[in-house]
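In what follows, a single structure is set out as C-alpha cells and then discussed.
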Amino acid sequence: MGDTLPGMSKRFYITTAIDYVNGQPHLGHAYEKVITDVIARARRGLGQEVFFLTGLDEHGQKVQQVALAEGKDPQKYCDELAASWQAFVAQLNLTHDDFIRTTQPRHKTVIQAILSRLHAAGHFYKAPYKGFYSAKEETFLTDKDRRPDGTFDPSWGEVVELVEENYYFRMKQHQAWLIEHIEAHPEFIYPVSRRNEVLGFLKNNTLEDLCITRPASRLNWGIPLPFDPDYVTYVWFDALSNYISVPAALGDPATAPIQPAQVPQTTPLELWPADAHVIGKDIVKFHAVYWPIMLKAMGVPLPRQILAHGWWQKDGQKMSKTTGNVVDPVAVVQEWGVDAFRYYVTRELDIGPDGNWTDAGFASRYAAELANGLGNLVNRSLSMLKRYRQGIVPQRSDELAPEARTAATAASRHYETFHLQTALEDIWGLVNRANQYVDQTAPFKLAKDPAQAARLDEVLYSLAESCRVLAVLLLPVIPATSARIYQQLGLPKPPERFTEAAWGGLVQGHVIGEPAPLFPRRDQPPKA
Ligand code: MSP
C-alpha cells in the first residue's frame, strides 16, 4: 500500500485556547475563534487537510465557587454553560472538527496516563508550600505581586495565607534546552516581540518548580492524581494537555508514549505535533514555557508554532462588566450578521498588537468596505449582466485577469503566513480596482450604443468573473457571503481551494442567478 491513504497523512492541526466556563463568551473569545477559523479555512484553501480544535476549560476553583454559589452541582453547571458556548461557536460559523470539554472521560483518561508516566519517571515531588493565595485567580501570590504599600491589588479578590503540601514539577533541567529550542526555531513564538519577551524571561530568571496540584480537601472539582487520591491536578496541567488528549484519544501514533491503555480502534488520525496554538498574550508563558517542558517530559515532540494575539479594548478602555463597556459578540452577530463581525475583527486587528473596538469604527468599515465596496461591486456587476445580457455570461475576456492573479497570489501567501489583515487588503485591491473599472468603462453608457456590444461583453465578463474570484478568496473570512455570491452567480457552493481563483472559471453561456444586496445599508452603529 502507498503512503497516501485518506486520513493517514499528517493534518494541519490548529487549536484555540480553551475558555473558562465561569461566564458568557465575550469579544476576546470570539476574536480568537474567528482568526483560528480563518487560518483553518485558509489552510484548506491552500490544499492542506486540517484538524481544528476548540473547547472549554471546566475544572478549577472558580467554577466550583460559581456553581456552589448558584446551588448547582459543578458538572450540571458546566453542562448548562457548555450548551450555550457550543451555540456561540455555531453562531460564529466555525469549521472546528472537535470540541473538547475537560470534564469528558476521554480527556480525564489521558491526563491520568500522563500524570502516571511523569510521576514514574521522577518529574514530580511533594513539598509543603506556605504563601498568600488568591482564590479568585486560583494562584499563590509572591512579593512581586504586592503594591508599593505592601498590599495586594483588589483585583486579586480576597488574599489568604495558606500552608499546604502539594506536588511540584521539576523545572531546572529544562531551562537550557528550552532557550536553545526557541533560539533555533525563530518561528516557534509569533510575533517576534512575544518571542523576545519569553527569551528575556528565560535568560534572566531561574524557573521555579511548577505546582501542579491542589489538595482535594480544598478543591475537589478536578482530575484526581492516579497515584495520590488526596490531590487533584491544578487547572493549567489539565488544561494545556487538552491539545494532546484529543489526538491521544483518537489513537494518533505520535502520542504513543502517553496513550491510555484503551484507545478506540478507529482509523487513527495523524495530528501531533500541533502546527499552531492560537492564544492571547496573557497566557504566552504557559504555552511557550510550561507546555513545551511538559511535552518534553512526556517524550513527545513540541508544537511547531504558538501564535499570540493581542487583547481587545472597547473605546480605549479595558472591557469590564462592572463599567458596562463590553462588546457582546452575539448581539453584534444578530444585528449585523456573522460575516460583518468576522470581517471587522480580522480586518481591524493583526495577530500581535492590541486592538480597540469602537462602534463607529465598526459601522464605518461596514459601510465603506462591505456595503459600498464589495456589496456594491457584486450587486451592480450582476444586475448589469442580468439587465443587458439576460444573465447570460458572455465570451471570456481577460482584462482584469492580471489584477485578479495578483490578488490571489498575494492573499494566499499572506493567509499562509498568518497576515490575515494584509490578505484582506490584497483582496480589496481587486474590489477597488473592479469598482474603479465600472466607473471608467461606464457599462451603462456602453449599453446605449449597439456599436459597443462587444466592448460591453468584455466589461460584463470581467466584472462577473472578478466577483467569482473574490468569492473564492474571501471564503476563509466571510464564508456565508462567499456562498451568496456563488449562489447569485448561479453556481454551486464556493470551492475550498484557492486554485479555483484562477481566472476564467465562468464559462460563456452560463446563466447566473438572482442578484440581491449582500450588505444592506445601515444608519445606526451596532448595539454592543
Ligand atoms: N482557560 C484558560 C486557557 C487555557 S488554554 C490551555 C483561559 N481562559 S479564558 O477564558 O480566560 O481566555 C481564553 C482566551 O481568550 C485566551 O487566549 C485569552 O487571551 C483570550 N482573551 C480573553 N480576553 C481577551 C480580550 N479582551 N481580547 C482578546 N482576547 C482575550 O485563559
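Key figures for this structure:
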read-out	value
Accessible area in square angstrom per residue, the range 176-321, 1.4 angstrom probe	40
Debye log10 I(q)/I(0) for the range 72-138, one point scatterer per Cα, at q = 0.12 Å⁻¹	-0.61
Long-range HN-HN contacts of THR102 with modeled amide H, under 5 Å	LEU56, GLU58
Per-residue SASA entry for VAL66, accessible area with 1.4 Å probe, Å² rounded to 10	50
Between 0 and 90°, nearest 10: helix 175-184 axis offset from the chain longest Cα axis	10
Accessible area in the full protein assembly, largest first, 1.4 Å probe, for MET171, MET319	MET319, MET171
Computed lengthening from ALA90 to VAL160, 0.36 nm per intervening residue step minus Cα-Cα distance	21.1 nm
Per residue solvent-accessible surface (Å²) - the range 469-528, probe of 1.4 Å	49
Per-residue [θ]222 nm for the chain (sum of -39500 (n - 2.57) over DSSP H runs n ≥ 4, rounded to 500)	-13000 deg cm²/dmol
Accessible surface of THR267 - all protein chains present, 1.4 Å probe, nearest 10 Å²	100
Exposure of THR266 as accessible area (Å², to 10), given a probe of 1.4 Å and all protein chains	80
Cross-link table LYS108/LYS296; LYS172/LYS296; LYS144/LYS285; LYS126/LYS203; LYS62/LYS172, entries beyond 23 Å C-alpha to C-alpha	LYS126/LYS203; LYS62/LYS172
At 1.567 mPa s and 4 °C, Stokes diffusion of the chain via Kirkwood alpha-carbon radius, µm² per second	51
Cα gyration tensor category, rounded, prolate or oblate, for the range 126-270 with a/c compared to 1.5	oblate
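The values are calculated or read from the model by the stated rules, or taken from the named source; none is laboratory data. Quick caveat, the model's predicted, so the values are computed rather than measured. In case anyone asks, the SASA skips ligands and DNA or RNA and just uses the protein heavy atoms, side chains included. Shrake-Rupley method; radii C 1.70, N 1.55, O 1.52, S 1.80 Å.
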